[in-house]
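The values are calculated or read from the model by the stated rules, or taken from the named source; none is laboratory data. Everything numeric in this text was worked out from a predicted model, so none of it was measured. Cβ sites come from the backbone with ideal geometry, for glycine too, and all protein chains shown count toward neighbours. Please note that ligands, DNA and RNA were not included when accessible areas were found on the heavy atoms of the full protein model with its side chains. Shrake-Rupley method; radii C 1.70, N 1.55, O 1.52, S 1.80 Å.
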Amino acid sequence: MSKERTRNGQPRQSEGVRAIKRGLDVLHEVNRSGGIRAGDVARALDLPRPTVYRLLETLEELGYVARSASDDRFRVTRLALSLGDGYDPSVVICQAAAPFLAELSKTLVWPVDLSTYENAAMVVQETTHSRSPLSIDRGMIGKRLPMLRTSAGRAYLAACPARERDLIVSHLRRIDEADDRPFLAEGYLDRMIEETAARGYAIRSEGEYNPKTASIAVPIVRNGAVFGCISIIWIRSALGIDEAVAQFVGQLQETAAVIPVEV
């Protein structure tokens, strides 16, 4: 019996083939986005939402995608990334850290971000902004944070190996953003690195990035390599830096120490 054909003479896809194609399209969209909600996948692919939810649930059961515990976004797992040429370390740390950030949000009401280094900036990979009643900026996933004017950037610079830090600083000098120039002054930069390294955490408390907020960040370090930073952000007028340090630093450092990271 000949296969049923479409009007243009092409063989019609069986239900099984169509389901596989849709599943691969969904997986590709999740991979392309770096992190996406089911509704956005449905809109991007022009598919019914129930279909997309069902496909994502199947891909999750098979281990190819994972739903973020903090913002309901789906991301590909190492299993899916192994189908290509390698894997993205930021995806791995994101998946490892998500449940720990969710747990942290139960005790720290102010929003917490996980960021990783990427091309002269820290990029927010996970966040509890959507869970925090005190958040003033819920669209944080994928946001690029300047290295010298945020606590995450300062924490990363102070904790990373000296050779890597020199390369990053040289890159920042070449970019030569006007807002960065005061913080690239030799005396200021050296002092900031030294003080941050001695404390074990970084602070932003003088309105240098966002005049309304302040933040503290701790690095996630294993065998001398920095895998990312965890930051907490709060309204400056609501909490002084000394009080914030007393309340937050211990819990942030404990969380950074227990996140499972493969070295």
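Start at zero, step by 5 Å, and the Cα-Cα distances of the stretch 100-232 spread as 2, 11, 21, 25, 21, 12, 6, 2, 0 percent across the bins. Model label points for R174 and A197, set 7 angstrom from Cα along the Cα-to-Cβ axis, are 2.4 nm apart. Note on N210 and D242: the extension gain reaches 9.6 nm, defined as 0.36 nm multiplied by sequence separation minus the Cα-Cα distance. In this structure E57 has an accessible area near 90 Å², from a 1.4 Å probe over the protein heavy atoms. Using a 1.4 Å probe on the protein heavy atoms, what percent of the accessible area of the stretch 140-226 belongs to carbon and sulfur? Taking all protein chains in place, the stretch 140-226 shows 49 percent carbon and sulfur surface. Residues whose amide H comes within less than 5 Å of that of S68, counting only those at least five positions distant or on another chain, are R73, F74, R75 (H built at 1.01 Å from N in the peptide plane).
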